[in-house]
Amino acid sequence: MLQTNELTVRFGGHVAVNAVSCTFAPGTLTAIVGPNGAGKTTYFNLISGQLKASSGTVTLYGQSLSGMSASARTRAGLGRAFQLTNLFPNLTVLENVRLAVQATRQGAHRHGLNLWSIWSDHKALVQRAEEILEAVAMNDKAGMPVASLPHGDQRKLEVALLMALESKVFMFDEPTAGMSTEEAPVILNLIRQLKRDKTKTILLVEHKMDVVRELADRIIVLHNGALVADGEPAEVIASPVVQEAYLGVAPVPAGETA
C-alpha cells in the first residue's frame, strides 16, 4: 500500500502541492486529474523522489521513502514512466530490458553477487528479458536500436522496463502523450494487462477523460495543489467542484437547467 501524508512542496512563496494525504491500494488504478498547473506531475515527482518534499511523508507497505533518492525508491518498488521516454537510445531493445532485469537481480543479491556470478547468470537474464518482451509484444524488435523505434514502441518498451524492475507501483504520467491515434491503444492495452495483477498499484495522470472513464477504479482531483475530490469515476466527474475546476463549467444553481 502506497500512502502520502500531508505531502507538501513550496517553491518560494508558491505552494505547488498542499498537504495532500492519500492512500493507494493494490489491485486498483487511480487516475489523478486536474487543470493545467494543478500540481499533478509535481505530486508524482514528490512520490517518486524527483523532487524533495518541503514537509510530509511517503510510505510504501509501511516503509518510509522520505529522504530516499529516486533510484532508491525504484529499488523499493516504485516504477515511474515519464511524459518523455527515459531509455538507452543507442542500445538494443533486448539490452535495455536485460539491464533492467540485471539491476533487479543485483539488488536482490547485492551482498553475495560477484563478477563471475553476473556472467554465469547472463543466459537467465536474457531469457527473462525475452519473456518480458513477449509479454509486451516486442520480441520481434529485440535486436533493434531503441533510437530507431517509433514513439509508440518506445512507450511500450518503457512499460517493459518497469515490469523488469518488478515494480509494486506503476506510475504513468500521461502515457499517451505524443502518440498518434493508431499508437495510443497499444499502451492502453498494456495498462489493462497490468490491471489484471491485483498485487500491483497503478497511478495514472491523464488529461483524456475518455481514457480515465474506461481505466480508472477511482479518481482524485488536484486543484491549486490541493486535493479537492476523491471517489468513484462517475461520482467525481459529475461533482460540481470538478465541473468547475477541471472542466471550467460553473455549477448550475438548484432549480435551473444547464
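What follows is calculated from the coordinates using simple rules that are stated; it is not laboratory data. As the structure is a prediction and not an experimental result, all values here were calculated from the model. Cβ atoms come from the backbone with ideal geometry, glycine included; neighbour counts cover every protein chain shown.
The table below gives the values:
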item: Total lysine pairs whose alpha carbons fall under 28 Å of each other in the chain (8 or more apart, or interchain); result: 29
item: THR199/SER64 FRET efficiency (R0 30 Å; Cβ-Cβ; nearest 0.05); result: 0.90
item: ASN90 paired with ARG10, simple spin-label distance in nm, labels 7 Å along Cα-to-beta-carbon; result: 4.4 nm
item: Stokes-Einstein diffusion coefficient of segment 6-56, Kirkwood radius over Cα pairs, 4 °C, 1.567 mPa s, in µm²/s; result: 111 µm²/s
item: Positive-end residue, the chain charge dipole about Cα centroid, Cβ charges, pick of THR57, ILE191, ALA147; result: THR57
item: Förster radius 30 Å - calculated FRET efficiency between LYS208 and GLU131 (Cβ-Cβ, nearest 0.05); result: 0.45
item: Additional length obtainable on full extension of the chain from SER180 to GLU235, 0.36 nm per residue less Cα span; result: 16.8 nm
item: Computed FRET value (nearest 0.05) for ALA19 with ALA103, which takes r as the C-beta separation and R₀ as 41 Å; result: 0.75
item: Whole-number D in µm² s⁻¹ for segment 2-245, Kirkwood Cα-pair radius fed into Stokes-Einstein, 25 °C, 0.890 mPa s; result: 130 µm²/s
